[in-house]
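Input: a single structure, listed below in structure tokens.
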Amino acid sequence: MRIDKYLKASRILKRRTISKELALNDRVEINGRVVKPSHDVKAGDIVTITFGNRQIEIRVLSIQEPKKKQEASDMYEILKESRIEQTE
């Protein structure tokens, strides 16, 4: 599954256009590598997303699209969530 679609399907981000935009602006990494929106994600990958002053790191558990809203959180586990200090 494409990373932009995965971020939407797992409900980490609300819209696919937002996930696509983040990837195009080098704010999405898979296993430490910056990726484009079309990059395939698979179970076991570590995904890091930076948006605003927040960074979240997740492990992909499943790439099966959930049938229900409640099942979306079963697609990943949060490894780390942090705030990035803004320097002026």
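What follows is calculated from the coordinates using simple rules that are stated; it is not laboratory data. Fair warning: this is a prediction, and the values are worked out from it, not measured in the lab. Neighbour counts run over all protein chains shown; Cβ positions are idealised from the backbone, glycine included.
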Check your understanding: Got a number for residues in the range 69-88 being outside any strand (DSSP E or B) and closer than 11 Å to residue 11 by Cα?
Key -> 7
Practice item. Enumerate the pairs (first residue in the range 19-38 and surrounded by 13 or more Cβ atoms within 10 Å (Cβ to Cβ); second residue anywhere and of a type in the set (S, T, N, Q)) with beta-carbon separation below 6 Å, excluding pairs fewer than 6 apart on the same chain, so at least 6 apart or on different chains. Key: 27/50; 29/48
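Would you tally the residues in the range 43-68 being acidic (Asp, Glu), in a loop (DSSP other than H, G, I, E, B) and farther than 13 Å from residue 3 by Cα? It would help to see each step written out before you state the result.
So in the range 43-68, the residues acidic (Asp, Glu) come out as 45, 57, 65.
Then drop every residue that is not in a loop (DSSP other than H, G, I, E, B), which leaves 45, 65.
Narrowing the set further to residues that are farther than 13 Å from residue 3 by Cα leaves none.
The qualifying residues number 0.
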Exercise for review: Check off (1) within 12 Å of the chain's Cα centre (by Cα); (2) exposed (fewer than 14 other Cβ atoms within 10 Å of the Cβ) for residue 51 and give me the number that stays unchecked.
Suggested key: (2)
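Within the range 57-73, does at least one residue satisfy the condition of being polar (S, T, N, Q), crowded, with 19+ Cβ neighbours inside 10 Å, in contact with a helix residue (DSSP H, G or I) (Cβ under 6 Å, 6 or more places away or on another chain) and touching a residue at least 12 places away in the same chain (Cβ under 8 Å)? Let's see the steps before the verdict.
To start, the set of residues in the range 57-73 that are polar (S, T, N, Q) comprises 62, 64, 70, 73.
Going one step further and asking which of them are crowded, with 19+ Cβ neighbours inside 10 Å, we end up with none.
No - not one qualifying residue is present in the range 57-73.
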